Amino acid sequence: MSLEKIIKIDQIEIVGDYKAIQVRTATVVTDDGVELSRSFHRHVLNCDADISGEDAEVQSVCNAVWTDEVKAAYQTHLDSQTPLGE
């Protein structure tokens, strides 16, 4: 019996006008090569996020789609939002 737990990014999606990056991570547990379980975790990155701790592939996607124009449009969108309670 050889249990193994593998955690890997299995999906990267680009969504919306401001190119939010959705990253899905799969956790797979196997026993002698036979999959016993699989679970998922998802997190979302916006173009103002610190991506220094992200996987190199995720960083590459972020750097490719988060152009200066996308960042400026996202900041304009944030600036136009009315704070809660006002």
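Brief remarks on what is shown
- For segment 27-77, the Stokes-Einstein estimate of translational diffusion at 37 °C and a viscosity of 0.692 mPa s comes to 242 µm²/s, using the Kirkwood hydrodynamic radius over alpha-carbon pairs.
- Here's the list of lysines a cross-link from K19 could span, going by alpha-carbon distance under 29 Å and ignoring same-chain residues fewer than 8 apart: K8, K71.
- Degrees, to the nearest 10: 68-80 long Cα axis against longest axis of the chain: 70 degrees
- By the beta-carbon count within 10 Å of each Cβ, the least crowded to most crowded order of E54, E69, fewest first, is E69, E54.
- Inter-centroid distance (Cα atoms) of segment 58-86 relative to segment 31-47, Å: 28 Å
- Taking all Cα-Cα distances within the chain, those exceeding 15 Å account for 65%.
Computed from the coordinates by the stated procedures, all read-outs in this text should not be read as laboratory data. In this text, all values refer to a predicted model and were calculated from it rather than measured experimentally. Positions of Cβ are generated from backbone atoms using ideal geometry, with glycine treated the same way; all protein chains shown enter the neighbour counts.
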